[in-house]
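Participant: My structure is below; once you've seen it, I'll send some questions.
The values are calculated or read from the model by the stated rules, or taken from the named source; none is laboratory data. Source: prediction; values computed, not measured. A quick note on method: Cβ atoms are made from the backbone with ideal geometry, for glycine too, and the neighbour counts reach across all protein chains shown. When the accessible area is computed, the model is the full protein with side chains, heavy atoms only, and any ligands, DNA or RNA have been set aside. Shrake-Rupley method; radii C 1.70, N 1.55, O 1.52, S 1.80 Å.
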Amino acid sequence: MKDEKRIYVWDLFVRIFHWVLVLCIFLNFFVTEEGEKPHAVIGYIATAFVILRFIWGFFGSYYARFSTWLASPGTVFRYLRNFKSRRVYMSHNPIAGWMMIFLMLCVIGLGLTGFMMGTDRFFGEEWVEKLHGTIADVMMAAVFVHVLGALYESYHEKQNLVAGMIHGYKKDRTN
């Protein structure tokens with residue numbers, strides 16, 4: 001077996017961000033009670049981490065930058081058209097990149113609607129509560145798709161992407 005080149009793709013902040021977000025989403029969806037203080041605090045932590053990740057997307061390490069992995073619609077279309085013979089990307093593939101943006105926007109939407117529910121103006125407003133719940137449900141469906149996608153890509157790329165999100169490295173399969 002030849003030595004495979006490993007590339008440091010996910011920096012420490014990206015990995016911490018990922019696992020903190022996983023924990024926050026898990027806790028708020030499955031453990032904490034809606035409307036209780038721990039639910040709100042965890043939601044604000046998740047929102048703060050997403051805001052920091054957006055900043056890191058412009059100023060962070062090479063593979064953390066949006067310019068490295070956020071693809072144009074044309075690139076996404078070509079990727080889908082050539083799905084079976086697609087190339088391997090060191091960071092997110094074109095679909096995964098947009099999934100990351102979508103998931104982060106869901107967290108921002110949850111943080112905003114959660115904040116609104118605590119204000120005098122929107123407290124008890126049914127539409128805000130319903131929107132918050134709908135965003136949470138849509139996000140959880142997207143999380144499920146994200147997990148399936150990561151498992152599929154691990155199989156396609158012949159490497160453990162979940163482990164990579166722990167230690168930061170991917171095998172170079174771009175050739």
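Participant: For the condition among the basic types (K, R) and assigned to a helix (DSSP H, G or I), what is the one hit in R87, R53? Write out each step before concluding.
Facilitator: Working: R87 fails: assigned to a helix (DSSP H, G or I).
Sole residue among the options that is among the basic types (K, R) and assigned to a helix (DSSP H, G or I): R53.
Participant: Within the stretch 140-159, is there a residue that is in contact with a Ser or Thr (Cβ under 8 Å, 6 or more places away or on another chain) and surrounded by fewer than 18 Cβ atoms within 10 Å (Cβ to Cβ)?
Facilitator: So far as the stretch 140-159 goes, no, none of its residues is in contact with a Ser or Thr (Cβ under 8 Å, 6 or more places away or on another chain) and surrounded by fewer than 18 Cβ atoms within 10 Å (Cβ to Cβ).
Participant: Okay, moving on. State the number of residues belonging to the stretch 1-34 that are farther than 24 Å from W56 by Cβ and open to solvent by 80 Å² or more (accessible area, probe 1.4 Å). Write out each step before concluding.
Facilitator: Step one: filter the stretch 1-34 for residues farther than 24 Å from W56 by Cβ, giving 1-5, 29-34.
When the remaining residues are screened for being open to solvent by 80 Å² or more (accessible area, probe 1.4 Å), the result is 1-3, 5, 29-31, 33-34.
Result for the stretch 1-34: 9.
Participant: In the stretch 55-95, which residue that is closer than 24 Å to N160 by Cα and of a type in the set (K, R) is surrounded by the fewest Cβ atoms within 10 Å (Cβ to Cβ)?
Facilitator: The selected residue is K84.
Participant: For the stretch 98-120, indicate whether the set of residues that are in a loop (DSSP other than H, G, I, E, B) and either among the β-branched types (V, I, T) or farther than 21 Å from F29 by Cβ (or both) is non-empty. First the steps, then the outcome.
Facilitator: Step one: of the stretch 98-120, the residues in a loop (DSSP other than H, G, I, E, B) are 118-120.
Next, only the ones that are either among the β-branched types (V, I, T) or farther than 21 Å from F29 by Cβ (or both) stay: 119-120.
Yes.
Participant: Additional query: Quick one: count up the residues across the stretch 40-72 that are more than 28 Å from F115 (Cα to Cα) and without any contact (Cβ under 8 Å) to a residue 12 or more places away in the chain.
Facilitator: Residues flagged as more than 28 Å from F115 (Cα to Cα) and without any contact (Cβ under 8 Å) to a residue 12 or more places away in the chain within the stretch 40-72 amount to 4.
Participant: Oh, and also: Determine whether V41 is open to solvent by 30 Å² or more (accessible area, probe 1.4 Å) and within 21 Å of the chain's Cα centre (by Cα).
Facilitator: On the way: open to solvent by 30 Å² or more (accessible area, probe 1.4 Å): yes; within 21 Å of the chain's Cα centre (by Cα): yes.
The answer is yes for V41.
Participant: State which residue is least open to solvent (accessible area, probe 1.4 Å) when the search covers only the stretch 160-173 and only residues that are under 19 Å from M99 (Cβ atoms) and in a helix (DSSP H, G or I).
Facilitator: G164
Participant: List pairs: first residue in the stretch 103-121 and surrounded by 15 or more Cβ atoms within 10 Å (Cβ to Cβ), second residue acidic (D, E) anywhere in the structure, Cβ distance under 7 angstrom, at least six positions apart or on different chains.
Facilitator: These pairs meet every condition: M117/E129.
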